[in-house]
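Remarks on the structure that follows.
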Amino acid sequence: MNIIIIGAGQIGLHLARSLSGAAHDIIVIESNEKLAESSASEIDGRVITGSGTSVELLLEAGIAESDLLFALTSNDSTNLIACKLAKELGTKKTICRVSPLLLKEEWMFDYRSNFALDHIFSSERLSAIEISKHIRNPEGIAIQEIARGRIEIQQIRIPEDSNACGKSLLELNLPERVRVASIQRTERSFVPTAKEKIEPNDQITLFGDPSRLSKTATSLRSKTEKEKGANVVILGGGEYGLSLAQMISPWNCQIRIFEKNQDHAEALAEELAGKATVIHADAASLNELREEQVGIADFFVATTHSDEDNVMTCLQAKNLGTKSCIPLIHRTDYANAVNQAKSQLGIKEVISPREVVRRELMRFITSDKYHIVKKIPAGEIIETTIREKSKVAGKAVGEISLPPGSIFVAIIKGIHAKVPRATDMIEVGDTVFSIVSEEAKKSFLKLVAK
Amino acid sequence: MELANTLTTKQIVPEMISTTSAEAIEELVTELHGIGIITESCKTNSIHLLIEREDKTTTGIGSGVAIPHTFSSEVKEITMIFGRSMEGIDFEAIDNNPVNFVVLFIMPENNKNHLQTLSAIAKFFTKGGIRKKLLEANTKEDIINAFKEQE
């Protein structure tokens, strides 16, 4: 594909680097001369120095013949204008990075139509989704979110004292929009029928609406465990911290946010009234952390702009007794380094916003008929966009007989994602997520991904 | 724009029955038609446009508030209705929270101030205490009074 990237900052450079060597033509436009120069040596593609909002420069970059434009600078205005121009000049698809603030105002003003944006994302919100996965699944078993967090896939292990043991799926009476995709028992993995009885130590893959899924997972896990949200401490009330707090507040989490800037702390307290406690303090100090009893927290998430502060405060929190610590690490090289040493450091997970964004953007860079989102024990999560030739196009879900070992997990129409019901129609242009076992893959692709 | 002066008790639906955004839009616009504020054709068109807009971007602005809005040549002034749902409606809101309050607008097509109006309403609902007061209100009058106090 012909790909043009505006902005060689951390996000743009990381994407360009990871595309180097693949069979794509990459052109990067960067206005900062120094940055342009240093990135030229790192990527396999052309770097043009100048403004991404210049018609002349975009033409020089070959915008008219391009397939994709990624506007990835940290400036909303530059990104919006670049996308609008690029579309006028003939690029096929525009992907725009924006601040969470702009996303928040999208309901009032239709940015997508007015600036010709095909896709819009914020690195802060994507990172928040990633962190919230870890918080909502304390057992640490695989969890995967699709459609920007609207549908989730979770795996849980059934403990021996669970109420669910001995009951059939039918008797469990799962809530609407929550389904069982597969059961792994000893070494065998299978898609169960409604009559299948749950046994202790079964590993169950569930999918559905996240809030209902969390409740279901909790109730399946144990008879004593009551639904109680996690105790979460967030360091830094910037866009990352705020997005995270908003995202996890519906799950009954007890949230405290440390913010050292007083004005900002006050504004935050108003914005998050009733959802989180904002503490105006510099949490880089051990005393503050101790005073606020950070040790009793289940999670400590460090989201400041300083990688060093994030790692160091995580270590402090860990020493004070916090169960799981998650630092945000902006620099990709640091993120790799900390990630490799995370067990020694007692860090649960390292979140790299650059990497999170790269994974999100990679799905636009494929001309394949399907895309493997992730491998899980039950099989692969496969994303397909339904084309006219697909044998399932125009059919109701109930009419389609999928090969054994495969199941539709989500249908996405426009921005709406839902867990498919038998009566839902699959139409051309819909995106479908499925879990497909290795044995079923060939016949599944033949049926769906034509 | 002052909600307490713009809304009459007829334009308050204190116990919405809808569970999804599309149902909520239909419920409220149908009510506007039912109380004689908009015509049948305005009702049909508005429901269509509001749902179409919701398909592109949610108007669930977070904190349990949604503000669906559209334009119609058949209204002469800003027309609105307020609905409350104690259980919460799934609007696929930006913070994924269920929506308890829906403020639905149908605006004249030449309305130049619509962004000001929308942003003022959004701000109004983020201010301290209003959401709690609205949830605690027992009658339509209580709801109007809650708006009055806040304004």
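Here A:GLU266, A:GLU270, A:GLU239, A:GLU259 are screened, and the one residue that is more than 21 Å from A:SER214 (Cβ to Cβ) and within 19 Å of the chain's Cα centre (by Cα) is A:GLU239.
Annotation: of all residues in the stretch B:18-30 being over 12 Å from B:ILE106 (Cβ atoms) and at pLDDT 95 or above, the one that is surrounded by the most Cβ atoms within 10 Å (Cβ to Cβ) is B:ALA24.
State which residue is farthest from the chain's Cα centre (by Cα) when the search covers only the stretch A:273-298 and only residues that are of a type in the set (Asp, Glu) and either over 29 Å from B:SER63 (Cα atoms) or surrounded by fewer than 16 Cβ atoms within 10 Å (Cβ to Cβ) (or both). Result: A:GLU291.
Taken as a whole, the structure places B:ASN110 among residues that are farther than 20 Å from B:ILE12 by Cβ, of a type in the set (S, T, N, Q), more than 14 Å from every other protein chain (Cβ to nearest Cβ) and surrounded by fewer than 16 Cβ atoms within 10 Å (Cβ to Cβ). List the helices (runs of 4 or more DSSP H) inside the stretch A:316-425, counting only whole elements, that have at least 3 residues being away from chain B (no Cβ under 14 Å) and without any contact (Cβ under 8 Å) to a residue 40 or more places away in the chain. Counting at least 3 such residues, we get A:332-340, A:342-345.
For residues that are under 23 Å from A:GLN10 (Cα atoms) and hydrophobic (A, V, I, L, M, F, W, C), scanning just the stretch A:319-346, find the one that is surrounded by the most Cβ atoms within 10 Å (Cβ to Cβ).
Applying the first criterion (under 23 Å from A:GLN10 (Cα atoms)) to the stretch A:319-346 yields A:326-342.
Applying the additional criterion that residues be hydrophobic (A, V, I, L, M, F, W, C) yields A:326, A:328-329, A:335, A:337-338, A:341.
Details: A:ILE326: 23, A:LEU328: 31, A:ILE329: 25, A:ALA335: 21, A:ALA337: 14, A:VAL338: 20, A:ALA341: 12.
Across the stretch A:319-346, the extreme among qualifying residues is A:LEU328.
The set of residues in the stretch A:391-409 being in contact with a Ser or Thr (Cβ under 8 Å, 6 or more places away or on another chain), modelled with pLDDT of 85 or more and surrounded by 20 or more Cβ atoms within 10 Å (Cβ to Cβ) consists of A:SER406, A:ILE407, A:PHE408, A:VAL409.
The set of residues in the stretch B:113-150 that are exposed (fewer than 13 other Cβ atoms within 10 Å of the Cβ), touching a residue at least 40 places away in the same chain (Cβ under 8 Å) and under 27 Å from B:GLU26 (Cβ atoms) comprises B:THR139, B:GLU141.
The set of residues from the stretch A:18-44 being surrounded by 19 or more Cβ atoms within 10 Å (Cβ to Cβ) and either modelled with pLDDT under 90 or of a type in the set (Ser, Thr, Tyr) (or both) comprises A:LEU19, A:SER31, A:SER39, A:ILE43. Evaluated against (1) modelled with pLDDT of 85 or more; (2) farther than 23 Å from A:GLU355 by Cβ; (3) small (Gly, Ala, Ser); (4) surrounded by 15 or more Cβ atoms within 10 Å (Cβ to Cβ), A:SER182 falls short on exactly one condition, (1). Within the stretch A:306-318, one or more residues are surrounded by 16 or more Cβ atoms within 10 Å (Cβ to Cβ), in contact with a helix residue (DSSP H, G or I) (Cβ under 7 Å, 6 or more places away or on another chain) and under 20 Å from A:VAL356 (Cα atoms).
When the stretch B:37-69 is filtered for residues that are hydroxyl-bearing (Ser, Thr, Tyr) and under 30 Å from A:ALA273 (Cβ atoms), the ones remaining, listed by number, are B:THR57, B:THR58, B:THR59, B:SER63.
Please verify whether B:GLU141 is at pLDDT below 90 and either more than 10 Å from every other protein chain (Cβ to nearest Cβ) or on the phi > 0 side of the Ramachandran plot (or both), treating the condition exactly as stated. First the steps, then the outcome.
Details: at pLDDT below 90: no; either more than 10 Å from every other protein chain (Cβ to nearest Cβ) or on the phi > 0 side of the Ramachandran plot (or both): yes.
In short, no.
Looking across the stretch B:56-94, just one residue is out of contact with any Ser or Thr (no Cβ under 7 Å at 6 or more places or on another chain), acidic (Asp, Glu) and either within 14 Å of chain A (Cβ to nearest Cβ) or surrounded by 20 or more Cβ atoms within 10 Å (Cβ to Cβ) (or both), and that is B:GLU87.
Report yes if some residue within the stretch A:356-367 is among the small types (Gly, Ala, Ser) and modelled with pLDDT of 90 or more; otherwise report no. Within the stretch A:356-367, none of the residues are among the small types (Gly, Ala, Ser) and modelled with pLDDT of 90 or more.
The residues of the stretch A:65-114 that are in a loop (DSSP other than H, G, I, E, B), within 13 Å of chain B (Cβ to nearest Cβ) and more than 15 Å from A:GLY12 (Cβ to Cβ), listed by number, are A:GLU106, A:TRP107, A:MET108, A:PHE109, A:ASP110.
For B:LEU50, the requirement of being part of a helix (DSSP H, G or I), buried (at least 20 other Cβ atoms within 10 Å of the Cβ) and within 11 Å of chain A (Cβ to nearest Cβ) is not met.
For the stretch B:55-86, name all the residues that are polar (S, T, N, Q) and within 17 Å of B:LEU135 (Cα to Cα). Outline the logic, then answer.
Let us first name the residues in the stretch B:55-86 that are polar (S, T, N, Q), namely B:57-59, B:63, B:70, B:72-73, B:79, B:85.
Of everything in the stretch B:55-86, those that are polar (S, T, N, Q) and within 17 Å of B:LEU135 (Cα to Cα) turn out to be B:SER63, B:SER85.
Can you tell me which residue in the stretch B:1-36 is nearest to B:LYS56 (Cα to Cα), limited to those that are part of a helix (DSSP H, G or I) and of a type in the set (A, V, I, L, M)? Here the answer is B:ALA22. Among the residues of the stretch B:49-70, is there at least one that is over 25 Å from B:LYS148 (Cα atoms) and small (Gly, Ala, Ser)? No - not one qualifying residue is present in the stretch B:49-70.
The values are calculated or read from the model by the stated rules, or taken from the named source; none is laboratory data. This structure is a prediction, so every number in the text was calculated from the model and none was measured. Heads up, the Cβs are rebuilt from the backbone with ideal geometry, glycines too, and the neighbour counts pull from every protein chain shown.
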